[in-house]
1. Need one number for segment 7-47: average projected area of the convex hull over its C-alpha atoms, nm².
2. May I ask you to evaluate 6.51 cos²θ - 1.76 cosθ + 1.60, the Karplus curve with θ = phi - 60°, for each residue of segment 24-41 and list the ³J(HN,Hα) values in order in whole Hz, giving x for glycine and proline?
3. If you rank 148, 24, 174, 64 by fewest surrounding Cβ atoms within 10 Å, what's the result?
4. Which ³J(HN,Hα) values in Hz, rounded to whole numbers, follow from the phi angles of segment 109-124 under the Karplus curve 6.51 cos²θ - 1.76 cosθ + 1.60, where θ = phi - 60° and Gly and Pro get x?
5. Please give the direction-averaged projected area of the C-alpha convex hull for the chain, in square nanometres with one decimal.
6. Could you name the lysines in cross-link range of residue 207, using Cα to Cα under 16 Å and dropping any fewer than eight places away on the same chain?
7. What number in nm² do you get for segment 11-108 if you take the convex hull of its Cα atoms and divide its surface by four?
8. Given H placed on each backbone N at 1.01 Å, which residues far from residue 146 in sequence or on other chains put an amide H within less than 5 Å of it?
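Coordinate-derived values only; no laboratory data. Remember, predicted model here, so these are calculated numbers, not experimental data. When we count neighbours, we look across all protein chains shown, and the Cβ atoms used for this are built from the backbone with ideal geometry, even at glycine.
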Amino acid sequence: MTAHRNYDAPPLNLAVLLSGSGRTLDNLLERIAAQKLYAKVNLVISSREDVRGVVLAQKAGLRTIVSSPKGRDRSAWSCDIFNLCRDAGASIVVLAGFLHLLEIPSEFESRVLNIHPSLLPAFGGKGLWGMHVHRAVIESGARVSGCTVHLVDHQYDHGPILYQKVVAVLDDDTPESLAARVFAVECEALPKVLQVAALCGIESLLKTKSVIGSTTDSSQEF
């Protein structure tokens, strides 16, 4: 899909939700600083307090809120999360290593994106995150893995797939080595999708058919 540049419009306003190290947030901030992503991070919400992602966001001068789901009703907690996103003017909510299921209000349907470290629908669902995914891929004997950017619905790792990037699984791979290569393509995939939204409008995501590319073949890129 070709992105028609529309820099007369304001940058895409993002809310980033995380639960851990904030590596995906870090990547987005680097892309924005390098003018490779026409977006602005208005808000960071972490479900955990003592994680690197919180420190990273605060050091970057971003509005950062910790909101734990522990002891909370999921509906009420989800409502609080999206009220914060709305108040921050977020056009898109990015789940960047966010480990919790949310109830998405109607106004945010098709505006919540997730990046998952496998080729969904394979190796997705509750409990399959981080190294758990890569370990499962290797143990299954799969010869390829990769990442998926998808719109979020009311199930774990489910919803319309927007973009996938493929990497080979090597004979001598460990969960750690596979994770490193998958994260490298994650760093390309998510900004590509967000850039389409920034330059073509959020509604363009709904018209975009799933695109699958390899780490060496760029012929099917946006």
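1. Result: 2.8 nm².
2. Once θ is set to phi - 60°, the couplings for segment 24-41 become 5, 4, 4, 4, 4, 5, 5, 5, 5, 4, 7, 6, 9, 9, 8, 8, 9, 8 Hz.
3. 174, 64, 24, 148
4. 4, 6, 10, 10, 10, 10, 10, 10, x, 7, 8, 4, x, 6, 6, x
5. So the Cα hull casts an average projection of 11.9 nm².
6. The reachable lysines, counting only those whose Cα sits under 16 Å from residue 207, are 192.
7. 5.8
8. Amide H neighbours of residue 146: 119, 167.
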